[in-house]
Structure formats: structure tokens, C-alpha cells
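The next block holds one structure in the form of C-alpha cells; read it before the comments.
Read-outs: derived from the displayed coordinates by stated rules, not from any lab. Only a predicted model underlies this, so the values are computations on that prediction, with no experimental measurement involved. Cβ: placed from backbone, ideal geometry, glycine included. Neighbour counts: every protein chain shown.
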Amino acid sequence: MGRRNLRVALLAIEGTNCDDELRVALSALGARAEVVQLKQFERREVSAPERRDLSDYSALFVPGGFSGGDYVRAGAIFAARIRASIGSELEEFVRSGRIVAGVCNGFQVLTELGLLPGRPGGHLGRADAVLMTNDSGHFECRPTFLAWQGGVFAPLHETPRGTRFLFPSAHGEGKLVLGGDAEARLRELERSGQILFRWVAPDGGPPTYPWNPNGSVGDVAGLTNPEGNVFGLMPHPERSFFRAQASDFTRTGGPVGFGDGHRFLEAVLSYAERPA
């Protein structure tokens, strides 16, 4: 694939553990995907050849894991370190219209930064949403289904609204809770087109547990910022990228080919490589 000029940074600190899965998936789509430690952007404790500039990348992914041990709250330590070190660079990156993505722990980080649901202009700020402990009280690891809600997320604008994707979930703190009047805030996000995905049952119907694995308000599984270039989702598209990753591949056609994560990440990269 002709994407060798599309540089994608996968931001990591201690405790991040899904960065390599995501790197393999994005590299298979032709991108120059690179795991970058936060200190490389901070330009500290690394030699000159290892230093990196955020502005040199076309997209930034914050992958899953348990960054900072998930102490305080999931994603809170990682977010605080980003804010204190490269916060202004990240704001500029967001305002440029480039993609910023958070998967699972990355979604938690972006909410802690105030980028999701966010406010117009791409500014970091006080968090007005949080991802809390699942209603079940334990870690949920299972295949889950979600439906595209339409809205401002440009990479899926050619995809019919309601299209379902199968992405595995693996989280203990995935319940989206909105600040203030939760129902009013949810309606606001619906009107602004910021709800990216909702959990659904396998037949597309209402997602009673375990199809909504955490109890999120409005069955929300993913959000975008008002401009649509920052997004977060709890399930893992990189874990349904190859057919061989599917839990039922022995019963449904074998291990060759790709899963739903491939078509989602392909759409994201196709948007990321558009002319500025």
C-alpha cells in the first residue's frame, strides 16, 4: 500500500500494553506506525536521535492498557503527564484537524484531558465526562457489537448509518458517565452528532447486558469531539483486524482475511492521509 509517508504515532508510557497490536494493524494498512514514548515528545532522558516532534505525524493514537497502573482513576495519570508536558502541542495538533484517537485506556485518557466530549476549538480542559467501573463490578472481556450513529465523524461518512461492527471489549472501567444533567447532555451530544458508536445486541436490537458490557449512559460505546477529528471508543478494533483473531473463525470460514477492525481502521487512515 502506498502510505509510507503517513506517519502515525502510538503514544505510550509505563502500563500501556496494546500499542504493538495497534502498530501491527496500522502497519498492515501501509502506515508508518511508530510506538512513541511520551518522554520522546518531551525530549527528556533520550538521545537526540530518539527525540520526536508531534507535528511530524499525521495522526496520534493513544492505545489501550493500564497506563500508570490506572491509579487514581483509569487514564488520569497519563492525562496529567500529557497536560503538563505536551499539552499545548496537542491542542495545536487537534486544531490542525488531524486525527487523535483513543482506544479503551486511550478513551479514558482523552476524557480526562477534556478532549472528549470536548468543547469547540480543541482546547484541553476540565473533564466533563468520566469512564467508571462497569456495572457488573468486574473486568469484561468478550466480543461486542456496536452500531455507527452517523454524525460528524468524517471517516465513516460513506458508511450507512446503523452499520454494525464487531470489536472485542476488554475493560473494567468503561461505563460512560456524563457531567451535570446526564440525560440533557446526552441529547446535546446526539444533536451535535458526537455519538460515534452505540452498543447493540448481535441482531442490532437493544443491548441488554452483556451486549452493553458496562452500563454506559445511552449505550454509548464511542464519542467524538465537536469537530469530529478526536474520537474515543472502549472496544478494540485492532483485536478484530485479522480473521484469525475472531473467536469463532473455526466455525465461520477459517482464519484467512480480515475482520471489522480492518474496515474501520482503513477508513480512519484514508481520512488521515487526505490533503491538508
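If I filter segment 1-19 down to residues being over 15 Å from the mean Cα position of the chain (by Cα) and under 24 Å from Gly68 (Cβ atoms), which single residue comes out as surrounded by the most Cβ atoms within 10 Å (Cβ to Cβ)?
Of everything passing the filter in segment 1-19, Ile13 is surrounded by the most Cβ atoms within 10 Å (Cβ to Cβ).
Within segment 25-51, count every residue that is in contact (Cβ under 8 Å) with a residue 24 or more places away in the chain and either loosely packed, with under 14 Cβ neighbours inside 10 Å or of a type in the set (Gly, Ala, Ser) (or both).
Selection size over segment 25-51: 5.
When you scan segment 125-146, how many residues do you find that are in a strand (DSSP E or B) and either free of Cβ contacts under 8 Å to residues at least 12 places away in the same chain or among the aliphatic types (A, V, I, L, M) (or both)?
5
Pairs please, first residue from segment 223-235 and surrounded by 24 or more Cβ atoms within 10 Å (Cβ to Cβ), second anywhere and of a type in the set (D, E, K, R), Cβ atoms under 9 Å, 6+ apart in sequence or on different chains.
Asn225/Arg119; Asn229/Arg98
So Arg119 ticks every box in (1) in contact with a strand residue (DSSP E or B) (Cβ under 9 Å, 6 or more places away or on another chain); (2) within 16 Å of Gly193 (Cα to Cα); (3) of a type outside the set (Phe, Trp, Tyr); (4) surrounded by 14 or more Cβ atoms within 10 Å (Cβ to Cβ) but one. Which box is left unticked?
That leaves (1) as the condition not met.
Considering segment 152-191 alone, what residues qualify as being assigned to a loop (DSSP other than H, G, I, E, B) and over 21 Å from Ala267 (Cβ atoms)? Give the derivation first.
First, the residues of segment 152-191 that are assigned to a loop (DSSP other than H, G, I, E, B): 152-153, 157-163, 172-174, 179-181.
Matches in segment 152-191: Gly172, Glu173, Gly174, Gly179, Gly180, Asp181.
Among the residues of segment 218-230, is any more than 30 Å from Arg7 (Cβ to Cβ) and more than 16 Å from the chain's Cα centre (by Cα)?
Residues of segment 218-230 more than 30 Å from Arg7 (Cβ to Cβ): 218-220.
With more than 16 Å from the chain's Cα centre (by Cα) added as a condition, the list becomes 218-219.
Yes: one or more hits.
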